[in-house]
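Below is one structure, written out as structure tokens, with a few remarks after it.
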């Protein structure tokens, strides 16, 4: 982190806000070291008031103020933004793209040949500092550049380096994954209601069950299959529930969902 004394964001949406919140909370940057460009005045005022950071309507001003710059705009806006900032990108800049589906080759083609770029596929739980992100470096990105970006995204969750050829799989697994979990949670809640639980009680029990199970996997380091065995008594309730789910193709359906999302990501890219 010592190589960069300031960090900029082009785009002030939810993911940019999540990163700002996490970086400030982790002490990686101070409020005065963060600058963000955002086209909407109301959003600029909110970010400045909430986090004490500098906000501007100018994308090029961000590059003038910071050497590390996160490109946090919608994929369809990327070409216009790259055209605008291209002349301001120097060899000392590091650009970090979180634009979904925009490959390194597209970014490199639109920027000067010296541009250092790292691509990231984050996910929405970064908004609560519990994100999961895949990271890959472009041709000019140094080892230090990649490590810097891993540090940024580890500040708002967990980040892992992958080859760009696997970024679509990251999209299919963790990028789209929160929606799978939300749907599973809803099904658990509805199942509780089906069996007579009041919906608020079913909601609280289901959410806490998901949270507790995830925490056990993370903190014990044991495999999901090992932890499943801990809950599954011979001839008991859990094995009956698991058997019913497997008859419905539960595991295959989840795997097929990851596959479908991965293939769609490839198509969009």
Revision key, fill the gap. Among (i) 35; (ii) 40; (iii) 47, the value of percent of Cα pairs over 29 Å apart computed for this structure carries the label (ii)
Check your understanding: Between the helical axis of 250-268 and the dominant principal axis of the chain, each derived from Cα atoms, what acute angle in degrees is found, rounded to the nearest 10?
Key -> 20 degrees
Point to revise | Cβ-based exposure ranking for 203, 93, 114, in which fewest neighbours within 10 Å come first | key: 114, 203, 93
**Study point:** segment 37-182: antiparallel DSSP beta bridges as a percent of all, rounded to 5
**Key:** 20 percent
Practice item. Calculate the spin-label point distance for residue 197 paired with residue 160, positioning each point 7 Å from the Cα along the beta-carbon direction, and give it in nanometres. Key: 3.0 nm
Practice item. With everything on Cα atoms, drop me the angle between helix 143-154 and the longest principal axis of the chain, reported from 0 to 90° to the nearest 10. Key: 50 degrees
Review point. How much length is gained if the chain between residue 251 and residue 208 is pulled fully straight, taking 0.36 nm per residue apart and subtracting their Cα-Cα distance, in nm to one decimal?
Key: 13.3 nm
Point to revise | Global geometry of segment 164-233, whether rounded, prolate or oblate, following the gyration tensor of its Cα atoms and the 1.5 cut on a/c | key: oblate
Review point. How big is the gap, in Å, between the Cα center of segment 108-172 and the Cα center of segment 26-89?
Key: 18 Å
**Study point:** Per residue, the convex hull volume that the Cα atoms of segment 1-60 enclose (Å³)
**Key:** 72 Å³
Check your understanding: Angle, helix 14-26 long axis vs. longest principal axis of the chain, Cα atoms, 0 to 90°, nearest 10?
Key -> 90 degrees
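Bear in mind these aren't lab numbers, they're just calculated from the coordinates by the rules spelled out. Note that the coordinates shown come from a computational prediction; the quantities given were computed from them, not determined experimentally. Heads up, the Cβs are rebuilt from the backbone with ideal geometry, glycines too, and the neighbour counts pull from every protein chain shown.
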